[in-house]
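Throughout, read-outs are computed from the coordinates displayed, never taken from laboratory work. Everything quoted here is computed from the prediction, not taken from an experiment. Every residue, glycine among them, receives a Cβ derived from its backbone with ideal geometry; neighbour counts consider all protein chains shown.
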Amino acid sequence: MRMALGASAPNILQMVFVQGMRQFAVGLAVGLSAALGLTRVLKSLLVQVSPSDPTTFFMISLVLAAAAAQGCLIPALRAMRVDPAVALRHE
């Protein structure tokens with residue numbers, strides 16, 4: 001729809017990617033705060049491992065960020081390739 005109104009392909013890519021990554025950032029913040037809150041429960045279950053290991057939290061966040069970026073990039077690239085006339089017919 002936006003391409004039919006004159007948006008360029010990089011604008012569409014940026015819009016879709018930023019919206020998806022914004023949702024990821026909110027989810028990551030909620031998830032990390034919940035995980036840090038549950039470290040007291042995990043202390044009794046873990047042996048010789050710190051439940052609040054910053055390296056583990058960072059690496060998991062990095063892996064999730066890579067997956068989210070790929071999950072946002074694929075639909076963004078597809079949205080760039082949509083023919084505006086076809087999109088208007090479906091709306």
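Observations on the structure shown:
- Highest-first arrangement of 44-55, 70-81, where packing means the average Cβ count within 10 Å: 70-81, 44-55
- 12 Å cut-off, amide nitrogen to a point 7 angstrom out along LEU46 Cα→Cβ, residues in the stretch 55-90: 55-58
- Here, P(r) means the percent of Cα pairs in each 10 Å bin from 0 to the largest distance; for the chain it is 15, 32, 22, 15, 11, 5, 0.
- When only the Cβ of Lys, Arg, Asp and Glu is charged (+1, +1, -1, -1), the dipole of the chain relative to its Cα centre reaches about 80 debye.
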